[in-house]
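For reference, the structure discussed in these notes is given below.
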Amino acid sequence: MILRFKILCECYFQIEKTQKKLEMVDILADTLINAKADEIGKISLLTIGKIYPDFLGIELMLAEKMAIRALALATGMSDKSVTKMLEELGDLGKTAHNLLENKPQSTLLAFTNQKEETEYDVLEIWTKLDSIAQMTGEGSSDKKIRTLSGLISKISPLEARYIIRIVCGQLRLGVASQLLLEALSKAKTGSRENKNLLERANNRCADIGFVAETLYSGGLEEVRKIEVKLFSPIRVMLAQRVSSSNEMLERFNGRCSLEYKYDGLRVQIHKKGTNVKLFSRRPENVTNQFPDVIKFINEAAIEDEFIVEGEIVAFDRIRNKILSFQLVAQRKRKHDIEQKTSEIPVRVYLFDTLFCFDESKLDMDYLERRKLLDEIIRKTDNIQFSHQTIASTADEIESFFHQALEESCEGIMGKSVSEGSKYQAGARGWNWVKYKADYVDKLSDAFDLVILGADYGKGKRAGKFGSFLLGCYNPDENLFQTFTWVATGFSDENLDELHRDLKPLIRDKPKEVHSVVESNVWFDPKVVIEVSGAEITVSQMHTCSRGFLEKETDGLALRFPRFTGKFVSDRPPEQATSSEEIRTIYLNQRNK
Ligand code: AMP
């Protein structure tokens with residue numbers, strides 16, 4: 001039997017009511033158990049609020065105003081009354097649910113000529129949402145609104161609750177991909193334990209729908225066979241941090257590879273023939289924003305097919321100098337591409353090979369992967385390989401570190417050269433460590449933190465947000481934990497920008513946020529900023545690292561926080577500084 005969308009929505013409603021992760025997994029698994037192989041991919045995507053994997057760049061993301069219009073059309077109410085209800089309820093989904101539930105059936109019929117609700121299955125709903133996403137060009141906004149209102153008028157209030165949230169990118173069930181993988185594992189194999197296998201596959205293709213489909217059609221055997229594919233991004237490997245050269249040496253048992261840590265945008269480059277695609281660390285397809293990089297790669301390629309990784313930096317060719325992150329970050333804009341390409345020239349520093357000669361190289365040791373770069377790409381002025389050396393003393397590390405800083409890098413990377421130093425897709429492991437300038441001077445340790453909430457400003461900041469509640473990410477519990485409030489370091493322009501970007505993200509307190517402090521407003525945890533601070537202290541006000549300190553109610557907090565001016569927009573919130581990283585810094589600080 002094909003899964004009715006209504007059944008899926010009833011499951012979502014149950015999930016919404018619980019805070020407990022295991023309960024969420026069980027509820028979801030109970031519904032997913034009934035899905036068929038040809039629908040589970042799309043069900044999986046819908047459940048994390050998407051219709052396609054991120055890297056395809058096909059998004060719904062209707063503006064709230066358009067959703068309001070569609071709701072007004074479907075119910076025969078004015079936009080103003082819908083907006084008023086939205087202000088009262090603070091959530092589009094609840095507004096749609098309420099409006100449809102409390103509307104006399106006669107009003108609905110008069111507006112829609114519908115006799116009764118239509119029972120859609122999940123694939124039909126997915127197809128309708130897809131058609132909305134694919135509408136582009138002149139008049140497409142109107143068409144989207146009409147199609148959406150037509151759909152809403154035919155479905156139940158509960159279905160409307162989730163449809164409207166999905167189209168606006170606000171599903172907010174608290175189901176992240178980790179939880180979904182666990183539920184898929186339980187539904188199909190009877191045990192949550194097989195999640196690791198699914199996660200391995202998902203890290204290699206960044207396409208959870210495909211992983212789910214493979215599981216349902218071919219079982220774990222086929223999932224095991226999922227390998228790296230050209231043009232399907234691999235989840236990036238991340239680094240832990242160390243705060244001294246001695247610590248780095250200890251981590252690597254006395255010998256490691258060092259590379260400059262360039263302060264730019266991470267890019268994963270997929271090439272087959274002249275077809276080149278670039279993916280960011282999110283992973284999003286950023287090919288269109290870098291026509292120059294595509295050209296550079298085609299010029300430098302020796303082999304026809306490969307996947308390599310590197311860092312794109314802004315580069316001043318006259319002074320032969322790497323320029324700031326702030327400059328290269330402007331190259332991510334989707335408009336004025338031609339102008340920005342000529343205004344901000346870039347250079348690429350490659351540091352890893354993930355696929356070539358027809359096979360994945362993820363399981364190969366790091367030095368061999370790095371050596372492959374020489375075989376597949378020739379160095380040119382525009383395509384360089386990251387500066388690298390092998391070190392076995394603290395002095396060597398220190399001297400390489402200072403050289404890196406002199407050459408406008410933000411520090412160095414230490415990479416394991418031992419057997420087993422494979423590419424850990426999607427993981428922040430100890431095979432790579434970063435040692436940055438700001439870790440040396442304890443007074444300016446920098447963190448990438450997620451904005452969880454804010455208080456409204458007073459005086460000069462009236463009408464904007466004046467201070468921000470920031471958090472780190474705890475991957476084990478899939479929770480954002482609070483770490484500090486910050487109110488300094490912001491220019492007026494920064495505050496305007498934050499107000500503009502954060503206002504649409506206001507919502508009821510998300511269940512993936514663990515906070516014991518209140519804030520005027522809560523946000524979808526999406527925006528990441530860099531903050532420096534003086535010291536990490538134990539505090540009962542914040543929840544970072546709770547459960548790991550002496551007292552149950554103790555958490556870690558940042559003293560004298562200050563915004564560094566850096567919006568870290570290429571990083572998804574789940575790649576923000578983790579609670580474990582903060583704990584490590586705290587322990588180091590205490591040992592000193
Ligand atoms: P962080 O973003 O601070 O966690 O540090 C890891 C990031 O450093 C990676 O995601 C890359 O974008 C960047 N990076 C710069 N140079 C290198 C390098 N030589 N090797 C690996 N990553 C690098």
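Computed values, structure above
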{"read-out": "Helices (runs of 4 or more DSSP H) fully within the stretch 181-265 counting 2 or more residues that are away from the ligand (no atom under 16 Å from the Cβ) and farther than 22 Å from Q424 by Cβ", "value": "208-224, 245-251"}
{"read-out": "D455 vs. criteria touching a Gly at 6+ places or on another chain (Cβ under 9 Å), among the acidic types (D, E) and either within 16 Å of the ligand (Cβ to nearest atom) or not assigned by TED's automatic domain parsing to the domain that holds E580 (or both)", "value": "no"}
{"read-out": "Candidates E23, E10, E101, E88 - the one that is out of contact with any His (no Cβ under 8 Å at 6 or more places or on another chain) and within 17 Å of L181 (Cα to Cα)", "value": "E23"}
{"read-out": "Test result for K295, open to solvent by 10 Å² or more (accessible area, probe 1.4 Å) and either touching a residue at least 12 places away in the same chain (Cβ under 8 Å) or part of a strand (DSSP E or B) (or both)", "value": "no"}
{"read-out": "Residue tally, condition of a type outside the set (V, I, T), over 23 Å from the mean Cα position of the chain (by Cα) and farther than 24 Å from G565 by Cβ, over the stretch 521-546", "value": "4"}
{"read-out": "Which listed residue is more than 23 Å from E574 (Cα to Cα), outside the structural domain of V348 (by TED's automatic domain parsing) and touching a helix residue (DSSP H, G or I) at 6+ places or on another chain (Cβ under 7 Å), from K229, K277", "value": "K229"}
{"read-out": "Test: H270 is more than 16 Å from the ligand (Cβ to nearest atom) and buried (at least 21 other Cβ atoms within 10 Å of the Cβ)", "value": "yes"}
{"read-out": "Total residues in the stretch 55-70, condition surrounded by 20 or more Cβ atoms within 10 Å (Cβ to Cβ) and touching a strand residue (DSSP E or B) at 6+ places or on another chain (Cβ under 9 Å)", "value": "1"}
{"read-out": "Cβ-Cβ under 6 Å pairs, at least 6 apart or on other chains, the stretch 417-435 side without any contact (Cβ under 8 Å) to a residue 60 or more places away in the chain and in the same structural domain as I390 (by TED's automatic domain parsing), far side within 13 Å of the ligand (Cβ to nearest atom) and not in a loop (DSSP other than H, G, I, E, B)", "value": "S421/Y366; S421/N431"}
{"read-out": "D524 being open to solvent by 50 Å² or more (accessible area, probe 1.4 Å), touching a strand residue (DSSP E or B) at 6+ places or on another chain (Cβ under 9 Å) and of a type in the set (D, E)", "value": "no"}
{"read-out": "Number of the exception - Q403 against (1) more than 21 Å from N253 (Cβ to Cβ); (2) open to solvent by less than 60 Å² (accessible area, probe 1.4 Å); (3) modelled with pLDDT of 95 or more", "value": "(2)"}
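The values are calculated or read from the model by the stated rules, or taken from the named source; none is laboratory data. Keep in mind it's a predicted model, so treat the numbers as computed, not measured. Cβ sites come from the backbone with ideal geometry, for glycine too, and all protein chains shown count toward neighbours. Protein only, heavy atoms only, side chains kept; ligands, DNA and RNA dropped before computing areas. Shrake-Rupley method; radii C 1.70, N 1.55, O 1.52, S 1.80 Å.
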